[in-house]
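For reference, the structure is listed below as structure tokens.
The values are calculated or read from the model by the stated rules, or taken from the named source; none is laboratory data. Small disclaimer: the values here were computed from a predicted structure and weren't measured. Quick reminder, even Gly has a Cβ in these numbers, built from the backbone with ideal geometry, and neighbours come from all protein chains shown.
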Amino acid sequence: MVVKLCHRCRASQVKTEDQTITCVALEGGPCFPCRERKVIQEKIEQLEEEIIKLKAKDRALGSRANEIHDPFIHKLPPEIGFHIFRLSLPTLDFEDFHLWDKAAAFTRVLRLGAVCRKWRELAWATPDLWDTLYVRISPSQEHALVQWLPGLLREWLSRSGMRPLTIFFSYSGRSEESDSYDSSDESTLEPVADLVIQVINLHSGRWQNLHLDVRADIPERFCGSIQPNQLLFLELRIDRRSPTPKFIMKSKPFPTQLALTDFPPTRIDIGWDNVTRATLCRLTADECLEVLRRTPAVEYCLAKLCDDATVDFGTTILPHLRSLDITSGGPNFLDAINVPLLEEWILSTHGWDRSPLPVTAMVSLLQRSACCLKILNLQKIEPSQHLSDLFQAMPSLERLQLHFRLVNMHSDGIMNYILAQIFNSPPSDNTLPSEDASRKSFLPRLQFLECTASSMKAPLFWNHIPQLYRQGHRHSLTLKSTAKESHISYKTALELLALIDEGVDLQIFDETTEGGGDFLDNFRKRFCRLSSLKRK
């Protein structure tokens, strides 16, 4: 055992405190304090052993109590118990922007095994509960937990059997609470991160979805093995301030979904022909175009560009692209693509210093592509008189969503003019209008219109809506917006309620009352209460 010497003993012998030392200060034997301390240390060791035994007994009794208190799990067949366990974990939607937050919830599976022995046996014997791995290494974590990670992951992956794996791995070397950098933290975490990656690489043949949010030097370490892989979804997120990264596996993957954030496509060695869905964030316009050129089968593209500069390579034809969701897409990028099958277009000018909507480039793209656009969603846009010209070039449009950054009297007039054009133009039949008819009609196939704004002002002139529905040709048009009590007069609200009773679909979110809800439904309730009070 380790004995700490008194001042007199330390003066007589020079040794480190963590060494076992025999005190011989008094006639060849230990001094009185040292003898007393030795007795106390022996008692402490005995008590610590007793505490360990008591804790083990307490855990066993707790497990037994949970088993007795469990009202149904132990009475159900294992298959039903497993299904209940599976429902306690989230379902991953790989089109969800909050995918990482949901993936973190898969660590709950460890809590299932902590309830009691039978729950643990059932959870450990169910591979479906262990096929999603979520690992986040950061200086904010306890170092003891980080040191246990490699062994824990080996156990976790062994329980997954041979099921395809979904892996989320995050490691930046920085604290989640601070951007500060500490080299001592990295020297401690780096060997652990390497061990974790080695364990994950051993199972590369089962990777189905790989999501990395790491430093730029980390992706190349996920090289896998030479065995063929079944990777379908590849996500690479790095810090652009880091050195240029690269991702090269020993067995080339052929994903169908690709997500890149700050990751240049020229530094990736994958098969591009199978990619049907591309999510590109904080890439340049040229890098985005490079991805689109390499993915001839892409059907959906979400692009958040950090500039609009393009190299003159001509027009890139995207023969299968059906949905384009683009933020900060300026005229240069739009002039560089051709989308003959485009059906859904979401465009936001957010982040472009309040740049105007590139209407001319949009109209040019539609005319050049000759596509039959069905859904248009314009977000964070400035009101413009050119909107009418844009919509005139979309005779096939069925759903239109508009969100203005700022609403003023000028924009009110623009929306009122657009609504008047819509309601005064008769709807079309199931066939597309002819070229001559499309020049005269305005959005003849429109079925749904949503108009909202970031400002406190109403995005629509509500007092004009009842007249437009009664005198126009679009009684079946669904209109969705937001309103406050100050936006809609008492008389107008009654007229709008009458339209709803006649079958018109008006969806107006109430911004006034706490909890929101439907504005007209709330108004109807208030009207009924006032009427009943008057009768009393």
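When the criteria are applied in full, ASN274 fails the requirement of being more than 20 Å from LEU397 (Cα to Cα) and at pLDDT below 90. Looking only at residues in segment 125-145 that are of a type in the set (A, V, I, L, M, F, W, C) and at pLDDT 80 or above, the one that is surrounded by the fewest Cβ atoms within 10 Å (Cβ to Cβ) is ALA125.
Residues are listed down the side, and each one gets a yes or a no for (1) at pLDDT 90 or above; (2) surrounded by 16 or more Cβ atoms within 10 Å (Cβ to Cβ); (3) not acidic (Asp, Glu); (4) not in a loop (DSSP other than H, G, I, E, B):
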site	(1), (2), (3), (4)
PRO426	no, no, yes, no
ASP436	no, no, no, yes
MET456	no, no, yes, no
LEU460	no, yes, yes, no
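Do we have SER384 as within 21 Å of ILE422 (Cα to Cα) and either assigned by TED's automatic domain parsing to the domain that holds ILE422 or outside any loop (DSSP other than H, G, I, E, B) (or both) here? Yes, satisfied.
Restricted to helices (runs of 4 or more DSSP H) entirely inside segment 26-117, those with at least 1 residues that are more than 30 Å from LEU212 (Cα to Cα) and at pLDDT 70 or above are 32-69, 78-87.
Might you let me know whether segment 147-170 holds any residue that is at pLDDT below 80, within 24 Å of ASN209 (Cβ to Cβ) and of a type outside the set (Phe, Trp, Tyr)? Looking through segment 147-170, none of the residues is at pLDDT below 80, within 24 Å of ASN209 (Cβ to Cβ) and of a type outside the set (Phe, Trp, Tyr).
Please list, ordered by first then second residue, the pairs with beta carbon atoms under 7 Å, 6 or more apart or interchain, first in segment 91-116 and within 13 Å of ARG136 (Cα to Cα), second part of a loop (DSSP other than H, G, I, E, B) and modelled with pLDDT of 70 or more. If the second residue must be part of a loop (DSSP other than H, G, I, E, B) and modelled with pLDDT of 70 or more, the pairs left are ALA103/LEU92; ALA105/LEU89; ALA105/PRO90; PHE106/LEU89. On the stretch given as segment 507-524, residues that are surrounded by fewer than 18 Cβ atoms within 10 Å (Cβ to Cβ) and either in contact (Cβ under 8 Å) with a residue 40 or more places away in the chain or part of a strand (DSSP E or B) (or both) total 3. Of the listed requirements (1) among the hydroxyl-bearing types (Ser, Thr, Tyr); (2) over 25 Å from GLN147 (Cα atoms); (3) buried (at least 21 other Cβ atoms within 10 Å of the Cβ), SER251 misses just one: (3). Counting the residues of segment 325-335 that are in contact with a strand residue (DSSP E or B) (Cβ under 8 Å, 6 or more places away or on another chain) and surrounded by 23 or more Cβ atoms within 10 Å (Cβ to Cβ) gives 2.
When ARG174 is tested against the conditions (1) modelled with pLDDT of 85 or more; (2) under 25 Å from the mean Cα position of the chain (by Cα), the lone failure is (1). So for segment 243-256 (the condition being farther than 14 Å from ASP325 by Cα, aliphatic (A, V, I, L, M) and in contact with a Cys (Cβ under 8 Å, 6 or more places away or on another chain)), does at least one residue qualify? Yes, some residue in segment 243-256 is farther than 14 Å from ASP325 by Cα, aliphatic (A, V, I, L, M) and in contact with a Cys (Cβ under 8 Å, 6 or more places away or on another chain). Just to be sure, is GLU450 of a type in the set (D, E, K, R), surrounded by 15 or more Cβ atoms within 10 Å (Cβ to Cβ) and part of a strand (DSSP E or B)? It is true that GLU450 is of a type in the set (D, E, K, R), surrounded by 15 or more Cβ atoms within 10 Å (Cβ to Cβ) and part of a strand (DSSP E or B). Here is the figure for segment 465-495: residues that are under 38 Å from the mean Cα position of the chain (by Cα) and in a helix (DSSP H, G or I) total 1.
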